[in-house]
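The values are calculated or read from the model by the stated rules, or taken from the named source; none is laboratory data. Every value quoted in this text rests on a predicted model; they were computed, and no experiment measured them. So basically every Cβ, Gly included, is an ideal-geometry build from the backbone, and we count neighbours across all protein chains shown. All accessible areas refer to the heavy atoms of the entire protein, side chains included, with ligands and DNA or RNA removed. Shrake-Rupley method; radii C 1.70, N 1.55, O 1.52, S 1.80 Å.
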Amino acid sequence: MQTQTEQQAGDTWLAALDAEARALVAAVDAQPDARRMLEGTLDAEGYIHYLVQTYHYARWSTALLSEAGYRLRHLGRHPELAELLIQKGEEERGHDEWLLSDLKNLGCSREQVEAAAKSPAVDAYTGWNFFTSRAGVPTAVLGTSYVLEYLSQTRAGRWAERMQAASAIPNIHKAVTFLRSHGALDGDHVAEMVKILGRLTDPEDQEAILFSARVARSVYPRIFREGGASSRSLAA
Ligand SMILES: [Fe+2]
Ligand SMILES: [Fe+2]
């Protein structure tokens, strides 16, 4: 049972987390290629760049989340959050295969995708989240999940719809599985996190989750092509 003061502190903290999520959406919308996705006008090269970079971080999602969950369980802290992390790790399983399949339908083989250069944003994202998952505060990765799933519920489905409607990319109808699926699923995932995180009162965990949300908000928007033109195309 929470006291009224704890309830108010929890609401303030959730509001701060939500502000990070909304700031991420704004920062992504300010990226030229993300704006083009929203307008449906993005070219194949820009979309491939986005999918390839997404693959290079999303392939680690199951490992990041479940390792954090098992470590938290082992530490005997926040059992509900440990289960949530493990569950989220399972939910992410196979999403990298959706990306590979979308990319294949755009003419990019698995070998090409694997060999493509990772952007500094992807390295920062995976480095930071593996650190918190394996050696930092294990609940922190929930901050990353929260802001990315919020972005996904707000933008992924719309990006897919607009790009399909404009049809600026050949074969786009067969290359939006990752976006469409996340647009459909992540609304529920965000609602579930709000419910569970609303019960968290430990200031150390709140701070760690919020800090990772800020890292994701700073780093993630840079996975798009710089200035909207590629210096790292697949062919390079
Ligand atoms: Fe996913
Ligand atoms: Fe999700």
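Listed by chain and number, the lysines whose C-alpha is less than 25 Å from the C-alpha of K174, apart from same-chain residues fewer than 8 away, are K104, K118.
Helix 203-219 and the long axis of the chain differ in direction by around 10°, with both axes built from C-alpha atoms.
For the pair the range 71-136 and the range 166-191, the centres of their Cα atoms are 18 angstrom apart.
With contacts defined as alpha carbon pairs under 8 Å and 6 or more residues apart, what's the relative contact order of the range 65-149 in percent?
37
Compute the helix-to-body angle for 157-166: its Cα long axis versus the longest principal axis of the chain, expressed 0 to 90° and rounded to tens. It is inclined by approximately 10 degrees. The residue list A165, L103, P138 was ranked by how far each Cα lies along the charge dipole of the range 79-212 toward its positive end, using unit charges on Cβ atoms, and A165 comes out on top. Looking at the chain, the accessible area is 45 square angstrom per residue; that uses a 1.4 Å probe and ignores ligands, DNA and RNA. For K195, the lysines whose Cα falls under 17 Å of its own Cα, not counting residues fewer than eight places away in the same chain, are K88. For the chain, averaging the sequence separation of C-alpha pairs within contact (under 8 Å, six or more residues apart) and dividing by the residue count gives a relative contact order of 35 percent. Seen through its C-alpha gyration tensor, with square-root eigenvalues sorted a ≥ b ≥ c, the range 101-236 comes out oblate because a/c lies at 1.5 or above while a/b is not bigger than b/c. The mean sequence separation of alpha-carbon pairs under 8 Å and at least six residues apart, normalised by the residue count of the range 1-95, gives a relative contact order of 20 percent.
Against the main long axis of the alpha-carbon atoms of the chain, helix 95-104 sits at an angle near 10°. For the range 1-107, the square roots a ≥ b ≥ c of the C-alpha gyration tensor eigenvalues yield an a/c of 1.5 or more together with a/b not exceeding b/c, which makes the shape oblate. Rounded to the nearest 500, the 222 nm mean residue ellipticity of the chain from helices alone is -23000 deg cm²/dmol, with -39,500 (n - 2.57) taken per DSSP H run of at least 4 residues. With the cut-off at under 17 Å, measuring from each backbone N in the range 131-150 to a point 7 Å along the Cα-to-Cβ line of A63 picks out 131-136, 141.
Counting only protein heavy atoms and a probe of 1.4 Å, the accessible surface of the chain is 53% carbon and sulfur. Between E83 and Y70, full extension at 0.36 nm per residue minus the direct alpha carbon distance yields a gain of 3.8 nm. Remark: the Cα gyration tensor places the chain in the prolate category, a/c being 1.5 or greater and a/b exceeding b/c.
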